[in-house]
Every structure is written in C-alpha cells, then in structure tokens.
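Q: Take this structure first; my questions come after.
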C-alpha cells in the first residue's frame with residue numbers, strides 16, 4: 001500500500017508543482033505585493049493600504065473601470081442574443097447544417113492575435129475594407145479604433161464576432177435537450193411559434209443561459225488581448241479603450257509599479273467573486289426540473 005501511494009504521489013507531482021508554481025504562489029504574491037511598493041530593483045517597502053488609496057483617487061483607474069463596465073454591459077447581451085438567434089436557426093433541419101455550425105464556431109478556435117490583426121486591417125479608418133464598402137454605398141465610415149466614440153464599439157464588435165460561436169454551440173446543446181413532446185403539447189394547446197419560444201424554449205434554456213451569463217461576465221471583466229492588439233498596445237484615443245486588465249498591465253510592465261498593479265488585481269478578483277456569488281444567489285429565474 002505504501003509503495004502504491006508513493007507512486008501515486010509521484011505521478012501527480014507535476015500537476016501539484018505546476019499548480020503551486022503558477023497559481024497558488026502568484027496569488028499569494030499578489031496579496032503581499034498589493035500592500036507594498038516594489039519595482040523589482042529598489043527596496044521592498046511596506047505601504048499598507050497606500051496602493052489602494054492611490055488607485056481609488058486616480059481618475060485613470062476609474063476610467064478603466066467605466067470602460068470595462070461599458071464593454072461588459074454591451075458585449076454580453078449582444079453576443080448572447082446573436083448566439084441564441086443563430087442557434088435557433090441552425091437547430092432546424094437544413095442542408096449543410098454541420099458546415100454552417102463549423103463556420104460560425106471557427107473564430108473561437110482561431111488565435112486572438114490573428115483575429116485582432118485581421119480586424120485591425122478591416123477597421124482601418126483610411127484603407128480598411130469595411131469603410132471602403134461603406135464608401136461605395138455613399139456612407140462615410142467612422143474612425144473606428146482611432147476615434148474616441150468608436151474605439152470601444154470597435155473592440156466590442158471584434159469580441160462579439162470572435163466569441164459568439166462558443167455561446168452558439170452551448171445554446172445548441174441546450175436546445176437539443178428540450179423534449180419534443182413539450183412542443184407538441186404546446187401546438188395542441190394552440191400555441192404559435194412565439195408562444196412556444198417564450199413559454200417552452202426560454203424557460204428550459206435558462207440553465208444554459210445562466211451558465212453563459214456567469215462565464216461571459218467573468219471573461220468580459222478580464223478582457224485584454226483583442227483591445228491591446230486592436231489599439232496597437234495603447235489605451236486608444238483619450239484612454240477610450242483602457243480596461244482594467246490593460247491598466248494592470250501598464251502599471252506592472254510599463255511603469256513597474258507592481259504594488260499598484262497587484263492592488264488593482266486583488267480588487268478585480270474580489271469584484272468578480274462578489275458578482276459571481278450574487279448571480280448564484282439570485283438565480284430564481286433559472287428553471288429547475290422537478
């Protein structure tokens with residue numbers, strides 16, 4: 001028994017070491033650094049809540065919070081509604097249905113860097129394909145990521161296009177789990193398509209919707225890569241695309257203020273945790289089978 005136990009620990013040791021090195025220890029380091037001032041060169045100085053008070057009084061930090069909330073408030077409903085509509089269409093019997101599903105899901109497995117670079121060219125204010133098409137129909141295209149008012153919408157468009165395929169697949173799985181007998185019973189009772197969708201499809205899809213809402217909120221609050229690449233590593237015009245994770249990146253790897261970056265990271269973790277707990281607390285709208 002001791003020999004088998006030793007071999008068991010031997011085989012799980014790489015996973016345990018990786019978890020400690022790349023998850024547990026960095027979390028502990030973030031908590032410690034959030035109460036200190038350190039730039040990797042000078043003396044490690046304990047400042048207590050000084051990093052938090054500095055960030056909470058910094059208008060740039062609140063700008064990043066506002067932009068992140070704006071991104072989240074638009075991205076989640078746009079991506080989920082689009083994903084549900086496409087899933088409803090692709091759940092019907094049609095020719096090449098499998099190919100359509102694969103095409104819509106393909107952006108999800110495409111590297112974010114490649115997606116952002118392609119969309120950087122498409123949304124180029126001067127020579128982009130989208131503005132060229134708009135010009136051909138008599139519309140002057142916006143400045144997209146080079147314009148204060150369009151920088152964040154441009155980032156949201158790219159994110160929705162890349163991510164809605166994942167939600168579509170999850171919705172498809174949920175739709176295929178709805179019993180056909182319920183639709184037949186609704187038709188017998190005289191329910192039309194809209195009534196079937198409202199009183200049968202939506203309630204039975206609520207667990208799927210709840211899962212997607214929770215995961216989408218977590219991911220949207222941590223958005224970084226597509227915004228970073230789309231705006232060429234900057235925060236956009238007048239910090240229009242400065243999100244929280246970009247602010248953390250700038251504090252840590254450009255200004256070398258690791259204490260302030262850790263303080264913002266800790267705040268972001270607490271906010272995500274509280275929002276997730278609140279979602280689980282107020283999930284009464286989720287249908288539960290008896």
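Bear in mind that the values in this text are calculations on the coordinates, not laboratory data. No experiment lies behind these values; they were computed from the predicted model shown. Cβ placement follows ideal geometry from the backbone for every residue including glycine, while neighbour counts extend to all protein chains displayed.
Q: Identify, from the list 285, 194, the residue that is without any contact (Cβ under 8 Å) to a residue 40 or more places away in the chain and either surrounded by fewer than 14 Cβ atoms within 10 Å (Cβ to Cβ) or part of a loop (DSSP other than H, G, I, E, B) (or both). I'd like the intermediate steps shown before the answer.
A: Working: 285 fails: without any contact (Cβ under 8 Å) to a residue 40 or more places away in the chain.
The conditions single out 194.
Q: How about the stretch 88-106: which of its residues are in contact (Cβ under 8 Å) with a residue 12 or more places away in the chain and surrounded by 12 or more Cβ atoms within 10 Å (Cβ to Cβ)?
A: Answer for the stretch 88-106, where residues must be in contact (Cβ under 8 Å) with a residue 12 or more places away in the chain and surrounded by 12 or more Cβ atoms within 10 Å (Cβ to Cβ): 88, 90, 91, 101, 104, 105.
Q: Tally the residues that are part of a loop (DSSP other than H, G, I, E, B) and either without any contact (Cβ under 8 Å) to a residue 60 or more places away in the chain or touching a strand residue (DSSP E or B) at 6+ places or on another chain (Cβ under 9 Å) (or both), restricting the search to the stretch 236-282. Reasoning before the result, please.
A: The first filter runs over the stretch 236-282 and keeps only residues part of a loop (DSSP other than H, G, I, E, B), leaving 236, 240-243, 254-257, 282.
This time we only want the ones that are either without any contact (Cβ under 8 Å) to a residue 60 or more places away in the chain or touching a strand residue (DSSP E or B) at 6+ places or on another chain (Cβ under 9 Å) (or both), so: 254-255, 257, 282.
Residues flagged as part of a loop (DSSP other than H, G, I, E, B) and either without any contact (Cβ under 8 Å) to a residue 60 or more places away in the chain or touching a strand residue (DSSP E or B) at 6+ places or on another chain (Cβ under 9 Å) (or both) within the stretch 236-282 amount to 4.
Q: Only one of 19, 85 is part of a helix (DSSP H, G or I), within 30 Å of residue 159 (Cα to Cα), more than 23 Å from the chain's Cα centre (by Cα) and without any contact (Cβ under 8 Å) to a residue 24 or more places away in the chain. Can you tell me which?
A: On the way: 85 fails: more than 23 Å from the chain's Cα centre (by Cα).
Result: 19 is the single residue among 19, 85 that is part of a helix (DSSP H, G or I), within 30 Å of residue 159 (Cα to Cα), more than 23 Å from the chain's Cα centre (by Cα) and without any contact (Cβ under 8 Å) to a residue 24 or more places away in the chain.
Q: I would also like to ask the following. Does the stretch 33-49 hold any residues that are free of Cβ contacts under 8 Å to residues at least 24 places away in the same chain and under 21 Å from residue 269 (Cα atoms), and which are they?
A: Matches in the stretch 33-49: 48, 49.
Q: Can you tell which of 62, 46 is under 18 Å from residue 245 (Cα atoms) and surrounded by fewer than 14 Cβ atoms within 10 Å (Cβ to Cβ)? Break it down stepwise before answering.
A: Details: 46 fails: under 18 Å from residue 245 (Cα atoms).
Step by step, each of 62, 46 is checked, and only 62 is under 18 Å from residue 245 (Cα atoms) and surrounded by fewer than 14 Cβ atoms within 10 Å (Cβ to Cβ).
Q: Then there is this: Please go through the stretch 235-264 and give me each residue that is crowded, with 21+ Cβ neighbours inside 10 Å and farther than 17 Å from residue 37 by Cβ, ordered by number.
A: Of everything in the stretch 235-264, those that are crowded, with 21+ Cβ neighbours inside 10 Å and farther than 17 Å from residue 37 by Cβ turn out to be 235, 236, 240, 241, 242, 243, 244, 246, 247.
Q: Whether any residue in the stretch 133-156 is without any contact (Cβ under 8 Å) to a residue 12 or more places away in the chain, crowded, with 16+ Cβ neighbours inside 10 Å and more than 27 Å from residue 103 (Cβ to Cβ) is what I want to check.
A: Yes.
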